[in-house]
1. Which of the residues belonging to segment 1-43 are of a type in the set (D, E, K, R) and over 10 Å from residue 61 (Cα atoms)?
2. For residues that are without any contact (Cβ under 8 Å) to a residue 24 or more places away in the chain and small (Gly, Ala, Ser), tally how many sit in segment 1-44.
3. Restricting the search to segment 55-95, which residues are part of a strand (DSSP E or B) and touching a helix residue (DSSP H, G or I) at 6+ places or on another chain (Cβ under 6 Å)?
4. Restricting attention to segment 35-54, report how many residues are part of a strand (DSSP E or B) and surrounded by fewer than 11 Cβ atoms within 10 Å (Cβ to Cβ).
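Since every read-out is calculated from the coordinates, none of them should be taken as a lab result. From a predicted model like this one, the values you see are computed outputs, not experimental measurements. When we count neighbours, we look across all protein chains shown, and the Cβ atoms used for this are built from the backbone with ideal geometry, even at glycine.
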Amino acid sequence: MELKVILRDTKKNPKHYLKEGYIPAVLYGKGIENIHVAVNQKEFADVLKEAGESTVIDLVIEGAKKKETHPVLIYEIQRHYLSHQPIHVDFYQIQKGQKIKTHIPVELVGEAPAIKNLGGVLVKNMDEIEVEALPQDLPHSFVVDISKLEAIDSKVCIKDLNLPATIKVSASPETAIVSVIPPREEEVAAAAPTAEAISEVKIETEEKKAERKEEKAGEAQS
């Protein structure tokens, strides 16, 4: 996958590039000097959607004296605090045979019986998992099937992922990725009828009985 960037003039305010439809960025890595670039906003969004932050892409620098292609990862994205649109990107150049540390997103699939049938609450403890591996061994995401969560307090841990030996996870194997906890006490309390509510129902029932007696008495007199 290829992504084109242009060389960026560091004397210009980064906002200048944002107004022109570009995102200011920097390319760095082991053994190279930082290169300030800018990437088209739409093209970056398309590549990010397809590749994510764990797939190696070829970064092509346009405007250089000769065509330069750098194998990189989208290492970090800074976003605007209101619009959440990218305002700066870090591209990390990788080297052949070099293991890297990065974060792989967690994707939940399926439906948990413990939630559907028992009223449990799903807790996603990890949105992403830090791993170390060669770039070609990095997965796009970790898919976690929550249909295995059949009981309250059940969980899926790191050790349940069945990872290949080529991927090393920073977290403990016992770390829970997702779990099911009992329904909150206030929800249970809200669902259960109170003594006051039962009393009101009983009073209302007695009133209805009295009304029916009066109606029957009136009908008999007529």
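1. Answer for segment 1-43, where residues must be of a type in the set (D, E, K, R) and over 10 Å from residue 61 (Cα atoms): 2, 8, 9, 11, 12, 15, 19, 20, 30, 33, 42, 43.
2. Matching residues across segment 1-44 total 1.
3. Taking segment 55-95 and keeping what is part of a strand (DSSP E or B), we get 57-62, 68-79, 86-93.
Result: 57, single match.
4. The total comes to 0.
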